[in-house]
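Contents: one structure, followed by commentary.
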Amino acid sequence: LTRVLTGITTSGTPHLGNYVGAIRPAVAASHAPGVESFYFLADYHALIKVQDPARVQRSTLEIAATWLACGLEPDKVWFYRQSDIPETNELTWLLTCVAGKGILNRAHAYKAAVDKNRIDGEDDDAGITAGLFMYPVLMAADILLFNANQVPVGRDQIQHIEMARDFGQRFNHLYGEHFALPEAAIEENVATLPGLDGRKMSKSYDNTIPLFAPRETLKKLIYSIVTDSRAPGETKDADNSNVFQLYQAFASKQETEAMRRAFADGIAWGEAKQALFERIDAEIAPQREKYEALIARPADIEAVLRDGAKRLRERYAVPTLQALRTAVGLRDLS
Ligand code: TYM
């Protein structure tokens, strides 16, 4: 039995990058035979970046509705909110006590914050919380708590999965084989999805295309993607084009090859963007309709989340934590 697990931070509105990097592959994996799946809303993680309670709650609702609209079946998979499983936090402490500080020093997000401080002439750690520093340990707890084998994520998360392996291995070495060691599952045809400005699509860069933006907004956003100034008829460089990379993430191999030829033949940017819009809209229109119905019924979503967490705690989280407490020499609470 393979266990597949992934989460999305509840710090904003889900975007196309979340969809192609995590949601679409995770939902596809959950339909394969012999798979037990775990999908969650990482709201503890959200607190690292967002200190606005209303925004965390709104984002939780939007991301939950997104998973459901994209085909997740809450009676067949585990679907829950991270903070409804307090055992996650307890495991975070157990892992904190085996995690190498030097490894955390090398985490990309933390290093980027330090580098920015240096550029700005500030102290290295100015404005950096211990939460940001500990982010990979919390994430390792999410994964190891349920012995996940495969974690579908975008490339930006690979380092975190490697750290989870490292912390799990150290714990196993000290206390016996408690944890399965996870692997990242990366979609091959999806490099990091670029945003409107060509940088990685990310809530932090404010360059995202919301997954379920209304059709007209989606079109407007796609038409606003930054391109070079080559005229219609001039050959365009597919490999260095955001428009092409986005197209590739939504199109079949054949469609992608046809688009590559169209780029070589000098397709106009407007025409390429129209094709991109139509391709994306064709894939997500049915799910957008479901999303709009779901988001109008927040109480139903809340009930699904609570039920998922309650069952998951009983089945796995509470007994697993008890075994881990005993393994490290803490009292048996059961
Ligand atoms: P988050 O919320 O930043 O992103 C959620 C998922 O979307 C992927 N993603 C992308 N993929 C391709 N192109 C992009 N431009 C792009 N932007 C985002 C991310 O790689 C991720 O898979 N720490 C995680 C949440 C988390 C988690 C976990 C994930 C918490 N615990 C345990 C897996 C397992 C995060 O902040 O993802």
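All of the numbers you see were taken from the coordinates with simple rules; none came from a lab. The structure presented is a predicted model; accordingly, all values stated were derived computationally and were not measured. Positions of Cβ are backbone-derived with ideal geometry, glycine not excepted, and every protein chain shown enters the neighbour counts.
Can you bin every Cα-Cα distance in the chain into 10 Å intervals starting at zero and give me the percent of pairs per bin, rounded to whole numbers?
With 10 Å bins starting at 0, P(r) equals 5, 24, 31, 24, 12, 3, 1, 0.
For Asn117, what charge total do you get from the other residues with a beta carbon under 14 Å from its beta carbon, if Lys and Arg give +1 and Asp and Glu give -1?
-3
Report, in degrees rounded to the nearest 10, the 0 to 90 angle that the Cα long axis of helix 253-264 makes with the longest principal axis of the chain.
Compared with the principal axis, the helix lies near 50 degrees.
Just add up the charged neighbours of Glu314: K/R +1, D/E -1, any other residue whose Cβ is under 12 Å from the Cβ of Glu314.
Once positives and negatives cancel, what remains is +2.
Would you mind checking the tilt of helix 87-96 against the longest principal axis of the Cα atoms of the chain, expressed as 0 to 90 degrees and rounded to 10?
The angle comes out at about 80 degrees.
What is the fewest-to-most order of Leu305, Leu5, Leu132 by other Cβ atoms lying within 10 Å of their Cβ?
Starting with the residue having the fewest Cβ neighbours, the order is Leu132, Leu305, Leu5.
Of all trypsin sites (Lys or Arg not before Pro) in region 133-228, which ones are in loop regions per DSSP and have a Cβ with at most 14 other Cβ atoms within 10 Å?
Filter output for region 133-228: Arg199.
Any chance you could count the Lys pairs in the chain whose alpha carbons are under 14 Å apart, treating pairs 8 or more apart or on different chains as valid?
Lysine pairs meeting both conditions in the chain amount to 5.
Let's test the formula: R0 of 45 Å, r as the Cβ-Cβ distance of Ala268 and Thr326. What FRET efficiency results, to the nearest 0.05?
Calculated value: 0.10.
Have a look at Ile225, Ala285, Thr235 and report the one farthest towards the positive end of the charge dipole of region 212-293, computed about the Cα centre with Cβ charges (Lys/Arg +1, Asp/Glu -1).
Projecting each Cα onto the dipole axis, the largest value belongs to Ala285.
Placing +1 at every Lys and Arg Cβ and -1 at every Asp and Glu Cβ, with all other atoms neutral, what dipole size does the chain have around its Cα centre, in debye to the nearest 20?
300 debye
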